[in-house]
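Notes to accompany the following structure.
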Amino acid sequence: MTLALPTTAPREKRAGAAAATPGQWAVALAIMAFLLVALVIPVSTVVYVAFTEKGTGAFTLVNFVDFARTDLFVRATWNSVWAAAMTVVLATVLALPLAVVTTRYRFRGAALVQTLGFLPLIMPPFVGAVAMQLFFGRNGTINLLLGDWFDISIPFMEGLNGVVFVEGVHYFPFILLNLSTALRTIDRSMEEAAQNLGSSGLRLFRRIVFPLAMPGYVAGASLVFVKVFDDLATPLLLNVKDMLAPQAYLRITSIGIADPMGYVIAVVLVLLSVGAVVLSMLAMRGRDYATVQRGGGGLDTRPLRRGERLIAWAVVLAILALVLAPHAALLLLSLATVWSYSPLPDGFTLAHYARVFGDSSLYITNTLLYASLAGLIDVVLGTAIAYLVLRTKLPGRQWLDWTAMAAVAVPGVVIGIGYLRAFYGIDVGGVPLATLWIVIVLALAVRRLPYALRACYAALQQISVSLEEAAENLGATKARTLRRVVVPLISGGMLAGFISSFATASVELAATLMLVQSNSDAPLAYGLYVFMQSPAGRGPGAALGVIAVVLVAVCTFLSHLVVERQHRRQSRDVAAPTIPGATG
Amino acid sequence: MTLVNEARTTPSVDVAIEHVDLWYGDNHVLRDVDLAIRPGEFFAFLGPSGCGKTTLLRLIAGFNQADHGRVLIGGRDVSDLPPWKRDVGMVFQSYALWPHMTVAQNVAFGLEERRLPRAEITRRVAAALDLVGLGPFAGRRPAQLSGGQQQRVALARTIVVEPKVLLLDEPLSNLDAKLRGEVRRELRELQQRLGLTAIFVTHDQEEANTICDRIAVLKDGTVQQVGAPAELYDRPANLFVAGFLGRTNLLAGDIHRDGAAPAFVTAAGTVPLPPAALPDGEPPPGARLVFRPHHAVLAAPGAAPAPGRARLPGTLRYREFLGAVERFGVEVAGAEAGTEVLVDVPQGSAPEGLTPGAAVGVDVALDRVLVLGA
């Protein structure tokens, strides 16, 4: 469920490839049309509005001057940058020990870490925020106990602390995944050469191992940074309004879509996101180390001594307890009769589940529909783009990849604002296009496309062109080769792409919060958000949250099984969805 | 400059491997390996893949732990020392140059780990890079160098710390054939100049023969024979060594002792054995008659063999032009199924008119035959 940003343009492919066919052109134009409608036009609209004078439509910078002169916005900018940076720090603190212990030592808990470490990703972070309040808030379990015992209170959840805490716990798997992959693929002799020259322990890690894993770490860290920028619902639910995304949302929803300031904030959001991504790419330029070398194998895993094993388990369990606290709290909350001002709930009940299944099953079916459609669109587009880029000579094909990947750096709230502005005026059978549920699917699809695209791309990249040439040599046309050779071989990667799109789309809210126009069209995440806003709704909200987590976990696990089985059937080096740098 | 011009302050050291056993799980990788490597010697571990030669090298470097036995370097037991305290330099097969450092940073690493003063590090890095002819490349990244240059950086990085022992894990295997011979001679020269004890792992007998003073031949984790290249070639201890070092002919049969002189009786004929052919006096188990292709000549079937040669009649199956010599494959009764007895004769010295299918005599030089067991 992570992605590495495309750092290098792929090398030129086979010299003898035929020029682009009309079919390829048609596919490329269709993809371009989708990207224009779903990404380029909405975002351009936002930029355009931000730079034009209200009413006259003349070019102006006055909106940005206003932005810079408003204390609230300047503070919101700094708060967003600070929260994102601190989240990266916290996520690193959580992920680094787990990654090191599981990749460099023979540690029985490695499978546990790999399974449980990713659970946070399949829960909306704002749900985690509510749950964390119960454990870590001012009147949460921890502070109540601390107050009873030591008469102290720790402001875990106050203001930006809360945002950093929740987001760090939620998004650290991005760093864990990328860093683990990077650590695992370092050639063992790299480390041994340093030992042979007298290096060991922390010094060895600092000078050799970590620098070699740096590209993976930076990829993960930049994702976390951008994600925190992106998140809208968490600060809103924690009542932190002076950050950029909430400001953009509040501006549009309270003052209206005609007010330019919301667009200016959106442009600042995009600029900072893009800046962070570009900065990380620049920092890692030329450092895309082809790590595992000839027959080297990954880093040596060494056994832990008894004392070390104890420390390792203590650290791992402490971190897992922390990152799984939101899940535990959510489960308790969903079963609680009343839970406030007490370390644990007063009593337990199943009534919330009954209520959710009664009233809110619509949310679940909506989510399944939207997320599956979005996943399907992403896999089809991802495969098509990967094929065009890797296997054809179509001029400008790189632009399809770049445009699709640009969605990574466009915060959801910007997509939401852009869709409202761009599609509100379009009339479809008497209602504005922006109010139709299909727009939600479109937003989800374009937001998740980068993930699916990288998975499909990695899968296709691993297939030797000669397999296709063999089919063509035996008389199969390009289309039939695609259907009979390529697609079966990359189906594992396609499925991995579908899962990551589906799972993350199921819990997405940033873009959809603004696009949901009626309760009957609302997805699960929206329902959760509505429930969580009132104290009375928290029980049913938690029940819905548990259902969401279970739903996504089960779907992910099932698809994982399918991928695994297919892997065992196929030869080992074909269509592996996880490769260094681009884990599916 | 300590590296080249000055005499080494520390004398060369010996390496002793004493009755080492090592298992990977149930796999017995090294079996009672016992070797004494002399100070200043260029020594090779030679064997096919999976014979344990790399494991043995990594044991000396400290990357493997022996289950039994010990390793002594300069008389000191290092068995319990971690790799970073052993002071043996290793050149990895993949070179293992760190891609995030420049050439100079790679070479400086070991000196920095030894906490040497900055000025001395700079001086010694420059000297080491000059020594391998890479002075102008100090600021490059490893990826910007050719394979041969990378190999030199790896070598410079290792010798700059002046290790007691130099370990080389197939250092030539990633170079092309032309470069290989060149680097081979440079390695040898450098080792001589620095007076280092060097151990070289290879599966290529030519590499081992040309560069090393002595060779240990390994098979299945067991040392088969230790000796100088010519010794191993002329007096192999068993069939494996004979077969691994150069082409050899094997004939099955039995030893007969009629009176005093033993003879080897094969299906094709009887070969009288000189005492040297049976070093232990007794035939080893699974004995075969062994001789090299150039220790036999071809003769017309009618003529009697020259004195000191024994005749094995056969049928010519093929002839191959190899340049200086011509190789004849002769089907002889008693040879292993499906293999011909090979006879190498100098170009142009074979009898006239030999075409495949012709009857021909293989005349073996008696003072060159051996009887070896498995």
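The values are calculated or read from the model by the stated rules, or taken from the named source; none is laboratory data. Keep in mind it's a predicted model, so treat the numbers as computed, not measured. Please note: Cβ atoms are built from the backbone with ideal geometry, for glycine as well, and neighbour counts cover all protein chains shown. These area figures cover heavy atoms from the full protein model, side chains too; ligands, DNA and RNA do not enter into them. Shrake-Rupley method; radii C 1.70, N 1.55, O 1.52, S 1.80 Å.
Do any residues in the range A:269-288 that are more than 14 Å from chain B (Cβ to nearest Cβ) have Cβ atoms under 8 Å from those of residues that are modelled with pLDDT under 80, where the two are at least six apart or on different chains, and which pairs are they?
These pairs meet every condition: A:VAL277/A:LEU5; A:SER280/A:LEU5; A:MET281/A:LEU5; A:MET281/A:THR7.
Please specify each residue of the range B:261-306 satisfying the condition of being charged (D, E, K, R) and under 29 Å from B:PRO346 (Cβ atoms).
Of everything in the range B:261-306, those that are charged (D, E, K, R) and under 29 Å from B:PRO346 (Cβ atoms) turn out to be B:ARG288, B:ARG292.
Taking the conditions exactly as written (within 13 Å of another protein chain (Cβ to nearest Cβ) and under 29 Å from the mean Cα position of the chain (by Cα)), does B:VAL88 satisfy them or not?
Yes, satisfied.
Quick one: in the range B:152-176, which of the residues that are in contact with a Gly (Cβ under 9 Å, 6 or more places away or on another chain) and of a type in the set (S, T, N, Q) is most open to solvent (accessible area, probe 1.4 Å)?
B:ASN174
With the structure loaded, tell me whether A:GLY159 is more than 14 Å from chain B (Cβ to nearest Cβ), within 31 Å of the chain's Cα centre (by Cα) and open to solvent by 30 Å² or more (accessible area, probe 1.4 Å) or whether it fails that test.
yes
Among the candidates B:GLY50, B:GLY25, single out the residue that is under 18 Å from the mean Cα position of the chain (by Cα), over 16 Å from B:ARG214 (Cβ atoms), open to solvent by 30 Å² or more (accessible area, probe 1.4 Å) and within 14 Å of another protein chain (Cβ to nearest Cβ).
Being under 18 Å from the mean Cα position of the chain (by Cα), over 16 Å from B:ARG214 (Cβ atoms), open to solvent by 30 Å² or more (accessible area, probe 1.4 Å) and within 14 Å of another protein chain (Cβ to nearest Cβ) holds for just one of B:GLY50, B:GLY25, which is B:GLY50.
Among the residues of the range A:423-442, count how many are more than 15 Å from A:ALA503 (Cα to Cα) and open to solvent by less than 20 Å² (accessible area, probe 1.4 Å).
Total meeting the criteria: 4.
Please work out which one of (1) crowded, with 22+ Cβ neighbours inside 10 Å; (2) in a helix (DSSP H, G or I) is the condition B:PHE45 fails and give its number.
All conditions are met except number (2).
Being at pLDDT below 90 and more than 7 Å from chain A (Cβ to nearest Cβ) is the filter here; which residues of the range B:91-111 pass it?
B:GLN93, B:TYR95, B:LEU97, B:MET101
Hey, does the range A:388-406 have a residue that's open to solvent by less than 40 Å² (accessible area, probe 1.4 Å) and among the aromatic types (Phe, Trp, Tyr)?
No, there is no match, as no residue in the range A:388-406 is open to solvent by less than 40 Å² (accessible area, probe 1.4 Å) and among the aromatic types (Phe, Trp, Tyr).
Given (1) more than 9 Å from chain A (Cβ to nearest Cβ); (2) within 20 Å of A:ILE186 (Cα to Cα); (3) in a loop (DSSP other than H, G, I, E, B), where does B:ARG115 come up short, assuming only one miss?
Among (1) more than 9 Å from chain A (Cβ to nearest Cβ); (2) within 20 Å of A:ILE186 (Cα to Cα); (3) in a loop (DSSP other than H, G, I, E, B), B:ARG115 violates only (2).
Being surrounded by fewer than 21 Cβ atoms within 10 Å (Cβ to Cβ), in contact (Cβ under 8 Å) with a residue 12 or more places away in the chain, within 14 Å of chain A (Cβ to nearest Cβ) and more than 24 Å from B:LEU175 (Cα to Cα) is the requirement here; does B:ILE121 meet it?
So B:ILE121 passes the test.
Looking at the range B:263-308 only, could you name the residues that are under 15 Å from B:VAL330 (Cβ atoms), open to solvent by 70 Å² or more (accessible area, probe 1.4 Å) and either modelled with pLDDT of 90 or more or of a type in the set (Ser, Thr, Tyr) (or both)?
The one that is under 15 Å from B:VAL330 (Cβ atoms), open to solvent by 70 Å² or more (accessible area, probe 1.4 Å) and either modelled with pLDDT of 90 or more or of a type in the set (Ser, Thr, Tyr) (or both): B:HIS294.
Looking at the range A:188-208, which of its residues are under 12 Å from B:PHE63 (Cβ atoms), facing another protein chain (nearest Cβ under 7 Å) and within 35 Å of the chain's Cα centre (by Cα)?
A:SER189
Which of the residues belonging to the range A:93-137 are hydroxyl-bearing (Ser, Thr, Tyr), at pLDDT 80 or above and surrounded by fewer than 21 Cβ atoms within 10 Å (Cβ to Cβ)?
Hit for the range A:93-137 is A:TYR105, nothing else.
Answer yes or no as to whether A:ALA221 is buried (at least 23 other Cβ atoms within 10 Å of the Cβ), more than 14 Å from every other protein chain (Cβ to nearest Cβ) and modelled with pLDDT of 90 or more.
yes
For the range B:211-323, which fully contained strands (runs of 3 or more DSSP E) count at least 2 residues that are farther than 30 Å from B:ARG185 by Cα?
The strands (runs of 3 or more DSSP E) meeting that bar are B:249-252, B:254-258, B:261-265, B:270-272, B:288-291, B:296-299, B:309-321.
Across the range B:164-188, what is the total count of residues that are over 18 Å from the mean Cα position of the chain (by Cα) and at pLDDT 90 or above?
1
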